[in-house]
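> I have a structure I would like to understand better, so I am pasting it below and will then ask my questions one at a time.
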Amino acid sequence: MFQKNVFTSALVLILAGVVYFSCIRQPEKSVDFNADVRPILNTKCISCHGGVKEKSGFSLFSRADALRKNNSGKPAIIPGDPENSEFIRRLTAKDPEERMPYHAEPLPQAEIDILKQWIKEGAKWADHWAYISPKNPKVPTDELRAAVNPIDNFVQARLQQEGLKPAPIADKATLLRRLSLDLIGLPPTEKELQDFIQDSSPQAYEKQADRLLASPHFGERWAAMWLDLARYSDSKGYEKDDYRNVWRYRDYVIQSFNQDKPFNQFTIEQLAGDLLPQPTEEQLIATAYHRNTANNDEGGTDDEEFRTAALLDRVSNTWEVWQGTTMGCVQCHSHPYDPFRHEDFYQSMAFFNNTRDEDIPNESPTLVHLKPEDELLIKELKEWVTKELPVAQKSTEIIRIEKLVRITEPKIHPHAFDKLTNAALADGKYLGGGHNGFARLKGINLTGKTDLIVSIANRKGGGTLQVRQDRLDGEVLAEFKTAPEQEGRGYRREIINLNPTTGKHDLYVVFLNPALANPQDYVYQLEWLLFTEPLPGAGKPGYAEAKNKLQQLLNAEAEKTPIIQENPRDFWRQTYLFERGDWKTKGKAVRPSTPKFLNAFVKYQPNRLGLAKWLVSPDNPLTARVTVNRFWEQLFGYGLVESLEDFGSQGTKPSHPELLDWLALNFQHEQGWQVKKLLKLLVLSHTYRQSSKTTPELTQKDPANRLLARGPRVRLTAEQIRDQALAVGGLLSSKMYGRSVMPPQPEGVWQVVYSGMKWETSTGEDAFRRAVYTFWRRSVPYPSLQTFDAAGREICVSRRIRTNTPLQALVTLNDTVYMLAAQGLARKMQQSGKSPTEQITSGYEAALFRKPATLKLKALTKLYQQADIYYSQHPQDASQFIGKEAANQNPVPRQLAALTLVANAILNLDEFVMKE
């Protein structure tokens, strides 16, 4: 009995304990704002309660906004108290007129529970991962003993979590082709491959990497990537889309990559090279980065409107390229998903708003590239300055004269005139005036200005141009006359003496020629004016000669590159916020600055140079991450963050966040921002060198290879496909730099209105230069490159989306360039063996660096035999197919035609247009 009672009592105690402990609530896992809460707010709430709209005064843009009082006079979220938070009550309301989201599906209970828990824990907010400075992560242990460098440690640690193993290293031929195409954009030669195969040293692969990194073709390959970002084009854009002489900027990019110019220096030169102390010609050309914006030359357009459009583009471009940020959203309202406020856009715009360019046809400011004989003139002019000035003033004055000749700023353009009477803006761009016509310039500072330089054209038999001070009948400060026989000389630069005065004055430009039969006919037409200080030594013997040399230089025939120049103080513009993004509706004035939640801007100058230095500061959380991610994508097909253009909360999450941070910090601090060091680290890794062969299971688990359990297998870029075909066909020119060329393209592509530009097909080796040198017109990009997803270059393109369309095959099967490349390969095949089998095998090996499989060789041989039979029966078709010249030079034209057809098939194989 006793034992029974004891047992019963023990059982009761145990059961009671089970009940007791089961009633104790287990501690809930803390809510992660970025992982759990932000996705709900962004997808379900932000459209009505964020940066764009704040319905009922409630905003989830930031924690401060979310906790403030709304239109009801109370906060919607009470930290720690979900039961009394109006936010939760509205999510769970039964009345459809009260329940949120309004007139949409209710939130799932699981999401409501997350939001309740979040509020209960204090409604804590967290910055998005990309806006937090990277911390040096611990490199994982190499448990597989397969890591070559820390990249592999991070990748293999992730693979182990997924139950995967890295693939073995690819064979030497595949690896060298991949490496060569990636680093210089060209396939290896047969000799280079044989040297690699025969080199059995442990450093064999690294030596190949070093060779390719040192190649002059390295810069050509990587410039193609950067020119998409820079929206580089040989034309101005818009409907007229006229010629733009900016190829020297493209050459600057190629040279910068070849020199391994540190990326921070590369950044500063492009964004603010003109603000560096005594900038070099190269640094001035670099600023053409932001002169690649479109320019509208059409008559009747508002220059200020299109200057503003260029400004808006520069802001969006800078933030996308260096910060991976969709700042374009912020032009009209605060960002819906990321903590960028509406005013942040215009504070950024203030950095760019004081550049001299004003959307005018001559694209001023431009850098003049003088001919050797004119360089001698400028040398003589400098000698005059040196002779006439004391030592302390020589350097400053020589720099001024050099800038006056080579840049000639600050020009005043016709759209600055007002009160036009019997005068007009011809074509909306040039100021023309009839007899007694005039136009006014307001508030021109004339202190120290005793020379007026004008770009002027005669129109009707000579006449007089006067500049009067303050009134139409005011003092004549300057006067210029021409005789009737000087009519029709076109625009020329004239230096006119200006009576000395001080302070700011309104100036009246008056046109006079009483002899005109029609008083409305133009006396003169003005392109621009420039008020400037005189040359030193006025009144001394030789001064007139020196001034004449200056005028000769101003009129010298020379190429000009559009560049950026900062406004002097007299031309300074105030920047305003645009209400709802409308450039005509100005809001409050703003000053240059950067978003407050990113690294502080206080120690930088409030100009473009300060902005550039801020971007490449070690404290900036984004620039290094965005940059290493871009180079990673070029090698592996996908970035560690797939959305290269968007590191914000709506972009993709990093597949390997610790690796991204390690690479970013290493790039800045260990590699000194040097791209070649970064690329060498990437290509030496086991991760890069893996075979791209896959299995059905791996393809199903990781179809895009985001886990990196195998090597990259992606289609080559448009430029690589074209250059590879020409290289394999033995046609590719090695000529570097210089003007853009016009290789063969289909007839009739350039049927563009309002322009006299023509596509004049280049001859000789210029027809077969690398794709990076192809003339790029925005309205009509080179067709075969665009078919393979090359960017149109109207705007910045961070990431080309690879497509797969029938049109691509039609291009490589029929385009003149690819047919000529196939014929070049066919000639090599003819010389490599006697039998068709030998010839076809050699052609396949030349293209793909391996022998064809039996079935593939059989299919190609059958194609040859069918073509050979056909062309033997139709010799005229063979002659037409390969061209009469080739047919006349070949002893057996039908065999060349048949081999060309086979070579064309080889150049169209999947493995030829793929990197694997």
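> Go through (1) in a strand (DSSP E or B); (2) farther than 30 Å from residue 328 by Cα and name the single condition residue 535 misses.
(1)
> Further question: Within the range 342-363, identify whether any single residue is part of a loop (DSSP other than H, G, I, E, B), in contact (Cβ under 8 Å) with a residue 24 or more places away in the chain, within 28 Å of residue 560 (Cβ to Cβ) and among the β-branched types (Val, Ile, Thr), and answer yes or no.
Checked the range 342-363: at least one residue is part of a loop (DSSP other than H, G, I, E, B), in contact (Cβ under 8 Å) with a residue 24 or more places away in the chain, within 28 Å of residue 560 (Cβ to Cβ) and among the β-branched types (Val, Ile, Thr).
> Residue under question is residue 377, and the condition is that it be over 36 Å from the mean Cα position of the chain (by Cα), outside any strand (DSSP E or B) and either over 28 Å from residue 242 (Cα atoms) or of a type in the set (A, V, I, L, M, F, W, C) (or both); does it hold?
Here the answer is yes, as residue 377 does meet what is asked.
> Within the range 646-684, which residues are part of a helix (DSSP H, G or I) and under 19 Å from residue 798 (Cβ atoms)? Before you say what the answer is, go through the steps one by one.
Just the residues of the range 646-684 that are part of a helix (DSSP H, G or I), to begin with: 657-670, 675-684.
Within the range 646-684, 660, 663, 664, 667, 675, 678, 679, 682 qualify.
> What pairs come up if the first residue lies in the range 530-545 and is closer than 11 Å to residue 387 by Cβ, the second is charged (D, E, K, R), and their beta carbons are under 6 Å apart, counting only those six or more places apart or on different chains?
536/388; 537/388
> What residue, among those in the range 324-341 that are surrounded by fewer than 24 Cβ atoms within 10 Å (Cβ to Cβ) and assigned to a helix (DSSP H, G or I), is modelled with the lowest pLDDT?
329
> Kindly evaluate residue 903 against the criterion of being under 20 Å from residue 744 (Cα atoms) and hydrophobic (A, V, I, L, M, F, W, C).
Details: under 20 Å from residue 744 (Cα atoms): yes; hydrophobic (A, V, I, L, M, F, W, C): yes.
The answer is yes for residue 903.
> Looking only at residues that are among the β-branched types (Val, Ile, Thr) and at pLDDT 95 or above in the range 715-762, which one is surrounded by the fewest Cβ atoms within 10 Å (Cβ to Cβ)?
Going through the range 715-762, the residues among the β-branched types (Val, Ile, Thr) turn out to be 717, 721, 728, 741, 749, 752-753, 761.
Now restrict to residues that are at pLDDT 95 or above: 717, 721, 728, 741, 761.
Numbers: 717: 24, 721: 25, 728: 24, 741: 21, 761: 13.
If we take residues in the range 715-762 being among the β-branched types (Val, Ile, Thr) and at pLDDT 95 or above, then 761 is surrounded by the fewest Cβ atoms within 10 Å (Cβ to Cβ).
> I would also like to ask the following. If a residue must be of a type in the set (Val, Ile, Thr) and under 29 Å from the mean Cα position of the chain (by Cα), how many such residues does the range 177-213 contain?
1
> Which of the residues that make up the range 685-714 are part of a helix (DSSP H, G or I) and at pLDDT 95 or above? Give the steps one after another, and end with the answer.
From the range 685-714, those part of a helix (DSSP H, G or I) are 686-689, 696-701; that's our starting set.
Listed by number, the residues that qualify are 686, 687, 688, 689.
> Among the residues in the range 843-855, are any acidic (Asp, Glu), within 30 Å of residue 249 (Cα to Cα) and within 40 Å of the chain's Cα centre (by Cα)?
no
> Residues of the range 186-206 being touching a Ser or Thr at 6+ places or on another chain (Cβ under 8 Å) and not in a helix (DSSP H, G or I), which ones?
Across the range 186-206, the qualifying residues are 186, 187, 188.
> Here is a check on your reading of the model: is residue 588 out of contact with any helix residue (DSSP H, G or I) (no Cβ under 6 Å at 6 or more places or on another chain), over 19 Å from residue 411 (Cβ atoms), assigned to a strand (DSSP E or B) and of a type in the set (Lys, Arg)?
Here the answer is yes, as residue 588 does meet what is asked.
> Which strands (runs of 3 or more DSSP E) sit wholly inside the range 404-496 and have at least 2 residues that are in contact with a helix residue (DSSP H, G or I) (Cβ under 9 Å, 6 or more places away or on another chain) and closer than 25 Å to residue 303 by Cα?
Answer list for the range 404-496: 418-426, 430-445, 451-458.
> Turning to a different aspect of this structure: Among the listed residues 696, 618, 703, 606, identify the single one that is touching a helix residue (DSSP H, G or I) at 6+ places or on another chain (Cβ under 7 Å), more than 15 Å from residue 129 (Cβ to Cβ) and surrounded by fewer than 19 Cβ atoms within 10 Å (Cβ to Cβ).
Just one listed residue meets the conditions, 618.
> Looking only at the range 252-290, how many residues end up being farther than 26 Å from residue 214 by Cα, surrounded by fewer than 24 Cβ atoms within 10 Å (Cβ to Cβ) and out of contact with any Leu (no Cβ under 8 Å at 6 or more places or on another chain)?
Within the range 252-290, residues that are farther than 26 Å from residue 214 by Cα, surrounded by fewer than 24 Cβ atoms within 10 Å (Cβ to Cβ) and out of contact with any Leu (no Cβ under 8 Å at 6 or more places or on another chain) number 3.
> Answer with yes or no whether residue 104 is at pLDDT below 90, buried (at least 17 other Cβ atoms within 10 Å of the Cβ) and not in a helix (DSSP H, G or I). Don't jump to the end; show me each part of the working.
Details: at pLDDT below 90: yes; buried (at least 17 other Cβ atoms within 10 Å of the Cβ): no; not in a helix (DSSP H, G or I): yes.
For residue 104, the condition - at pLDDT below 90, buried (at least 17 other Cβ atoms within 10 Å of the Cβ) and not in a helix (DSSP H, G or I) - is not met.
> Which of (1) outside any helix (DSSP H, G or I); (2) in contact with a strand residue (DSSP E or B) (Cβ under 6 Å, 6 or more places away or on another chain) is the odd one out, the single condition residue 181 does not satisfy?
Here residue 181 clears every test but (1).
> With the structure loaded, tell me whether residue 169 is within 29 Å of residue 718 (Cα to Cα), modelled with pLDDT of 95 or more, buried (at least 20 other Cβ atoms within 10 Å of the Cβ) and among the β-branched types (Val, Ile, Thr) or whether it fails that test.
Working: within 29 Å of residue 718 (Cα to Cα): yes; modelled with pLDDT of 95 or more: yes; buried (at least 20 other Cβ atoms within 10 Å of the Cβ): no; among the β-branched types (Val, Ile, Thr): yes.
No; evaluated as a whole, the condition is false for this residue.
> Do we have residue 356 as at pLDDT 95 or above, farther than 30 Å from residue 510 by Cβ, basic (Lys, Arg) and buried (at least 16 other Cβ atoms within 10 Å of the Cβ) here?
no
> So, one more: Can you find a residue that is among the aliphatic types (A, V, I, L, M) and at pLDDT below 95 anywhere in the range 775-790?
Scanning the range 775-790, I find at least one residue that is among the aliphatic types (A, V, I, L, M) and at pLDDT below 95, so the answer is yes.
> Might you check whether a residue that is touching a helix residue (DSSP H, G or I) at 6+ places or on another chain (Cβ under 7 Å), crowded, with 21+ Cβ neighbours inside 10 Å and aliphatic (A, V, I, L, M) occurs anywhere in the range 799-810?
no
> Next question, about the same structure. Check 125, 118, 129 and return the single one that is among the aromatic types (Phe, Trp, Tyr), surrounded by fewer than 20 Cβ atoms within 10 Å (Cβ to Cβ), out of contact with any strand residue (DSSP E or B) (no Cβ under 6 Å at 6 or more places or on another chain) and modelled with pLDDT of 90 or more.
That would be 129, the only listed residue that is among the aromatic types (Phe, Trp, Tyr), surrounded by fewer than 20 Cβ atoms within 10 Å (Cβ to Cβ), out of contact with any strand residue (DSSP E or B) (no Cβ under 6 Å at 6 or more places or on another chain) and modelled with pLDDT of 90 or more.
> Among the residues of the range 237-246, what is the count of those that are modelled with pLDDT of 95 or more and surrounded by 20 or more Cβ atoms within 10 Å (Cβ to Cβ)?
Residues flagged as modelled with pLDDT of 95 or more and surrounded by 20 or more Cβ atoms within 10 Å (Cβ to Cβ) within the range 237-246 amount to 2.
> Could you check the range 886-916 and list, in sequence order, the residues that are more than 24 Å from residue 712 (Cα to Cα) and part of a loop (DSSP other than H, G, I, E, B)?
890, 891, 892
> Output the qualifying pairs, or none if there are none: Cβ atoms under 8 angstrom, residues six or more apart or on different chains, first residue in the range 861-881 and assigned by TED's automatic domain parsing to the domain that holds residue 900, second residue among the β-branched types (Val, Ile, Thr) and part of a helix (DSSP H, G or I).
861/837; 861/840; 863/902; 864/840; 864/902; 867/902; 881/900
> Would you confirm whether any residue within the range 274-289 is over 14 Å from the mean Cα position of the chain (by Cα) and among the small types (Gly, Ala, Ser)?
no
> Also, I was wondering about something else. Does at least one position in the range 531-541 carry a residue that is under 18 Å from residue 413 (Cα atoms) and either surrounded by 12 or more Cβ atoms within 10 Å (Cβ to Cβ) or touching a Leu at 6+ places or on another chain (Cβ under 6 Å) (or both)?
The answer is yes; a qualifying residue exists.
The values are calculated or read from the model by the stated rules, or taken from the named source; none is laboratory data. Worth saying up front: this structure is predicted, and the values here are computed from it rather than measured. A quick note on method: Cβ atoms are made from the backbone with ideal geometry, for glycine too, and the neighbour counts reach across all protein chains shown.
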